[in-house]
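Asks: Can you keep this structure in mind? I'll have questions shortly.
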Amino acid sequence: MGGTGLAKDALHVHIGLIVYLGSALVMRWPLRSWKPWLAALGAAVLGEAWDVYDRWAIGWRAAPMGHWHDVWNTMLWPSAMLLLARYSGLFARR
């Protein structure tokens, strides 16, 4: 897609992880906090709103299931990492 050479689904996965981990790092939020997860969700929803606008601008209808698929792809690993950070010792400080 674009200049990255990645498929759209792969870009969603990467963006979700970048926003989740990046916001936790920059804002110094722990991975067990809901804040980085909400930042990733916000990015996913804003990205899909942009996609809906782009579709409407060229005269196409929104594709609700496709947009849901994109949000799901974006949020899968941030959700898994949040759950691991909260309920396992995987990300615990030693």
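The values are calculated or read from the model by the stated rules, or taken from the named source; none is laboratory data. Predicted model, so just to flag it, every value in this text is computed and none were measured. All Cβ positions, glycine included, derive from the backbone under ideal geometry; neighbour counts span all protein chains shown. Remember, those area values only see protein heavy atoms, side chains included, never the ligands or the DNA or RNA. Shrake-Rupley method; radii C 1.70, N 1.55, O 1.52, S 1.80 Å.
Asks: Along the positive direction of the dipole of the chain (beta-carbon charges: Lys, Arg +1; Asp, Glu -1; about the Cα centre), which of I18, L76, P36 reaches farthest?
Replies: Sorting the options by dipole projection puts first P36.
Asks: Fully extended, how many nm does the chain gain between S88 and L76 (0.36 nm per residue separation, minus their Cα-Cα distance)? Please report the intermediate quantities before stating the final value.
Replies: On the way: separation 12, 0.36 × 12 = 4.32 nm, distance 1.74 nm.
Result for the pair: 2.6 nm of gain on full extension.
Asks: What does the charge count near T74 come to, summing +1 for each Lys or Arg and -1 for each Asp or Glu among other residues with Cβ under 10 Å from its Cβ? Could you put the intermediate results ahead of the total?
Replies: Working: positive: none; negative: D9, E48, D70.
The answer is -3.
Asks: Mean 1/r over all different Cα pairs, inverted: what Kirkwood radius does the chain give, in Å? Could the numbers behind the result be given before it?
Replies: Numbers: mean 1/r = 0.0705 Å⁻¹.
14.2 Å is the Kirkwood radius here.
Asks: Take the solvent-accessible surface of the protein heavy atoms, probe 1.4 Å, and return the percent of it on region 1-68 that carbon and sulfur atoms account for. Mind showing how you got there, number by number?
Replies: On the way: 3560 of 4890 Å².
Of the solvent-accessible surface of region 1-68, carbon and sulfur hold 73 percent.
Asks: Per residue, how large is the accessible surface of the chain? Use a 1.4 angstrom probe and give square angstrom. Each step should come with its number before you reach the end.
Replies: Working: 6720 Å² over 94 residues.
Here the per-residue accessible area is 72 Å².
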